[in-house]
């Protein structure tokens, strides 16, 4: 990891980068990043999240699809920083591969997502993400995304 002062982005900064809003905004803070290379984000898992009320109610587990989406949104923050006209751009999933869930994520956990750019050509980016709780890997995935212009009339 490069030696430099950590670069952070708070929740308002994340909302300036991504169109997602509650309940689908799944990144609480960006802890550090290296432009065009990697990013580290944080998601606090709270029992107050509606999905946990119905996902194994007697022993709530944060759903795997939300873990993958949180990693993708973290990567999306890195990509969107590269564009000045980001209010007119949106990033869409193209594919998800090599997904593995290693341990359950529970209410009260702090999940740290680390996402690295594997390849970025034109408007298509391939990334690899890993999610950790207390330093232990809980999930990993590779995903492809495409940066697109918002159609006229669309907006955040």
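Rule-based calculations on the coordinates, nothing more; no lab input. Here the structure is a predicted model, which means the values were calculated and not measured. Heads up, the Cβs are rebuilt from the backbone with ideal geometry, glycines too, and the neighbour counts pull from every protein chain shown.
Tabulated data for the structure shown
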item: Helix 64-80 axis, angle to the chain major axis (alpha carbon atoms, nearest 10°); result: 30 degrees
item: Sequence of 58, 145, 46 once ranked by neighbouring C-beta atoms within 10 Å, starting from the fewest; result: 58, 46, 145
item: Highest-MSF residue in the chain out of 49, 34, 140 [GNM, Cα springs under 10 Å]; result: 49
item: Two-decimal log10 I(q)/I(0) for region 47-102, as the Debye equation yields it once each C-alpha is a single scatterer, q = 0.17, 0.22, 0.31 Å⁻¹; result: -0.72, -0.91, -1.22
item: Among 143, 83, 120, residue whose mean-square fluctuation peaks in a GNM of the chain (springs only between Cα atoms under 10 Å); result: 83
item: Whole-number percent relative contact order across region 38-156, with pairs defined as alpha carbons under 8 Å at least 6 apart; result: 32 percent
item: Overall Cα dimensions of the chain - principal axes, largest extent first, Å; result: 45, 41, 29
